[in-house]
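The values are calculated or read from the model by the stated rules, or taken from the named source; none is laboratory data. None of the values given here were measured: they were computed from a predicted structure. Glycine gets a Cβ as well: all are built from the backbone with ideal geometry, and neighbour counts include every protein chain shown. Surface areas here come from the heavy atoms of the whole protein model, side chains and all, with no ligands, DNA or RNA. Shrake-Rupley method; radii C 1.70, N 1.55, O 1.52, S 1.80 Å.
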Amino acid sequence: MSLRKFISNKTIAALAVILTAFASTSAFAQAAGAAAETVAKPVDMGPVYKTVIFYTMAFLLLCLFIAIIGKALKVYELTREAQDKPKGINWNAVNGTLFALFLIVGLYGVYWEYTVHGKMILPEAASEHGKKIDQMFNITLIITTIVFIATHIILFAFAYFYKNTGKRKAYYYPHNNALERIWTIVPALVLTVLVLMGFLTWRSIFYKIEDPNNKPLSIEITSSQFSWAIRYPGADGIVGVKNYKLINGVNQLGIDFKDKNTLDDQTADEMVIPVNKPVRLILTSKDVLHSFYMPHFRIQLNTVPGMTSYFEFTPTITTEEMKAKTNDPKFAYLFLCAKICGEGHYKMQKEVRVVSQAEYEAWVKKQGTYLTDDLRKEFGLPVTAAPAPVAAKPADSVAKDTSAVKTNQLALKK
C-alpha cells in the first residue's frame with residue numbers, strides 16, 4: 001500500500017482519531033485524579049480570571065484551535081484532490097452563510113446595546129447647557145445608527161446573495177458619476193449640519209452676556225496630585241488673587257493676602273451650589289494636567305498649570321429632586337478627574353450638592369475662612385483675638401439664705 005493510499009484510508013484515519021481521543025482522555029483523567037488527591041479544598045480561581053495573562057492565553061488557545069481546524073480541513077481537501085475527487089466543501093456557500101449569520105448577530109448586538117447598556121447611561125442633564133449637549137448627542141446617535149445599520153445590511157446581504165455559484169459572471173462596473181455625487185454631497189451636508197450645531201452650542205456655552213441682576217457665583221477649583229481644593233469668594237463675592245510663588249507648607253494655594261478680596265475667602269470639603277443660580281468655575285492646577293469632570297452637568301475641562309480656565313453653568317435639578325428622578329436614595333452628584341493615567345486621578349472625587357438658595361446661604365455661613373492665624377503670622381497680619389472666657393456666675397447666696405431662713409422658722413415652730 002502506497003503512502004498516499006495509507007493516509008487517505010478512512011479506516012486508518014478513524015482509528016487514529018479514536019486512539020488520540022482515548023490517549024488524551026486517559027491523560028486528562030490521570031491528571032485530574034492526581035490533582036484531586038493533592039488538593040484537599042477547591043482552588044479559588046477568581047484572582048486568575050482577573051489577570052491579563054489568563055485572557056491572553058485563552059485567546060492564543062482559541063487561535064491555536066482555529067488553526068488546527070483549518071489544517072484538518074486543508075488535509076481533507078488535499079486528500080480529495082489526491083483521489084481526483086471534486087471539492088467536498090463549497091467555501092463560497094460557507095462564506096455567504098457566515099456573512100448572513102454575522103449580519104443577524106450584529107443586528108441583535110445593536111439591539112442589545114441599546115436595551116441593556118442604554119439603561120446605564122447618565123440621567124437627564126442637570127444644567128441648562130447640558131440639555132443642548134444631550135439634544136446634539138441624540139441627533140448624532142440617531143443619524144449614525146441609521147447609517148450603520150443600513151450600510152451593514154447592504155454589505156452583508158450583497159455578500160450572501162451575490163456569492164459565486166459558478167453559474168454567472170461578475171459585472172464590471174468601474175464608475176458612476178451620479179452615485180459619486182450622491183455619496184459625496186449627502187454625507188457632506190449631514191456633517192455640515194452636525195458641525196454647525198456643535199459650533200453654535202459651543203458658542204452659547206462659552207460666550208454669555210452677564211445679567212447684572214443675576215450675577216454668577218464664583219468658585220475656584222485647584223487641582224493637585226491627587227486632590228481638589230475648593231475656594232468660595234466670601235461676603236464680597238470676589239475670589240481673591242493668588243500667586244504660585246507664594247505656595248508653601250502653610251499657604252498651599254499661594255493666596256496673595258495683599259489683595260483685600262482674599263481676606264474673607266472660604267474653603268470647603270464639598271461643592272454646594274444653589275439651584276437655578278449661575279455658577280462660574282475658576283479652574284487652575286498646581287502641578288500637572290488634570291481633567292475637571294462633572295458628568296451630570298455635562299462639564300469637562302482640563303486644568304492646566306500656569307493657565308486659568310473658566311466655565312459658567314446653571315444647575316437646574318437639586319440633589320433631592322435627582323434622587324427622586326433616579327429612584328436612588330443614595331444618589332450624589334460628583335466632580336472628579338477624567339484623566340486615565342493612573343488610579344490616583346480616578347480617586348480625585350468630591351461631592352456636589354445642589355440645594356435651594358436658602359439652604360445654600362445657611363451652609364456658606366458655617367464655612368471657615370482660608371485665612372487662619374498661622375497664615376496671619378506668616379504674612380504679618382494682625383492675629384484675631386481669642387474670645388474672652390466667660391466669667392463664672394457668683395453663687396446664688398440669696399437663694400441659700402432664703403432656704404436657711406425657712407429651715408430655722410420650721411425649727412422654731414416645733
How big is the range 35-152 in terms of Cα radius of gyration and Dmax, in angstroms? 24.6, 76
Unit Cα scatterers, Debye sum, the range 123-186: log10 I(q)/I(0) for q = 0.19 Å⁻¹: -0.94
One would report the Cα pair-distance distribution of the range 297-389, bin width 5 Å, in %, as 2, 9, 11, 15, 15, 16, 13, 9, 6, 3, 1
Can you give me the C-alpha center-to-center distance between the range 219-239 and the range 287-346, rounded to a whole angstrom? 14 Å
For the range 56-96, take the convex hull of the Cα atoms, compute a quarter of its surface area, and give me that in nm², please. 3.4 nm²
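Which order do TYR370, TYR111 take by accessible area at a 1.4 Å probe, largest first? It would help to have the intermediate numbers written out before the result.
Working: TYR370 30, TYR111 135 Å².
Listed by decreasing accessible area, they come as TYR111, TYR370.
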Along the Cα→Cβ direction, 7 angstrom out, place labels at GLU378 and GLU124. What is the inter-label distance in nm? 4.6 nm
Estimated FRET transfer efficiency when R0 is 25 angstrom, pair ILE238-GLU320 (beta carbons, to 0.05): 0.25
Rounded accessible area of PHE65 (nearest 10 Å², 1.4 Å probe): 120 Å²
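Let me check something: with ligands and nucleic acids excluded, how do CYS63, CYS337 order by accessible area (1.4 Å probe), largest to smallest? If you can, show how the numbers build up before the last one.
Details: CYS63 60, CYS337 5 Å².
These residues rank, largest area first, as CYS63, CYS337.
Where does the charge balance sit around THR326 when Lys and Arg score +1, Asp and Glu -1, over other residues with C-beta under 12 Å from its C-beta?
Details: positive: LYS119, LYS323, LYS325, LYS330; negative: GLU124, GLU320, GLU321, ASP328.
Spelling it out: positives minus negatives among the neighbours equals 0.
Students sometimes get this wrong: rank PHE199, PHE161 by accessible area, probe 1.4 Å, all chains present, largest first. Spell out each step's value before the answer.
Numbers: PHE199 100, PHE161 130 Å².
These residues rank, largest area first, as PHE161, PHE199.
Could you tell me which of the pairs LYS215/LYS258; LYS323/LYS366; LYS215/LYS366; LYS215/LYS347 are separated by over 29 angstrom between their Cα atoms in the structure shown?
Working: LYS215/LYS258 25 Å; LYS323/LYS366 25 Å; LYS215/LYS366 22 Å; LYS215/LYS347 33 Å.
Over 29 Å Cα-Cα: LYS215/LYS347.
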Virtual paramagnetic centre 7 Å along Cα→Cβ of ILE69, amide N under 16 Å, in the range 99-136: 99-102
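Please state the relative contact order of the range 219-288 as a whole percent: Cα pairs under 8 Å, 6+ residues apart?
Numbers: 119 pairs, mean separation 29.4, N = 70.
Across the range 219-288, relative contact order equals 42 percent.
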Grab the eigenvalues of the alpha-carbon gyration tensor for the range 224-305, scale each by 5, take roots, and send me the semi-axes largest first in whole angstrom. 22, 19, 10
On the full set of protein chains, 1.4 Å probe, figure out the accessible area of SER223 and give it in Å² to the nearest 10. 0 Å²
Normalising by the residue count of the range 99-240, find the relative contact order in percent from Cα pairs under 8 Å and 6+ residues apart. 21 percent
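Output the relative contact order of the range 212-260, whole-number percent, from Cα pairs under 8 angstrom with separation of 6+ residues.
Value for the range 212-260: 25 percent.
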In Å², nearest 10: area of THR165 left accessible to a 1.4 Å probe: 70 Å²
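Cβ under 12 Å from GLU312's Cβ, GLU312 left aside: what net charge do those residues give with Lys, Arg +1 and Asp, Glu -1? Provide the component values of the computation, followed by the final result.
Details: positive: LYS208, LYS215, LYS277, ARG280; negative: GLU128, GLU210, ASP211.
The answer is +1.
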When the accessible area of the range 132-265 is split by element with a 1.4 Å probe, what percent falls to carbon and sulfur? 66 percent
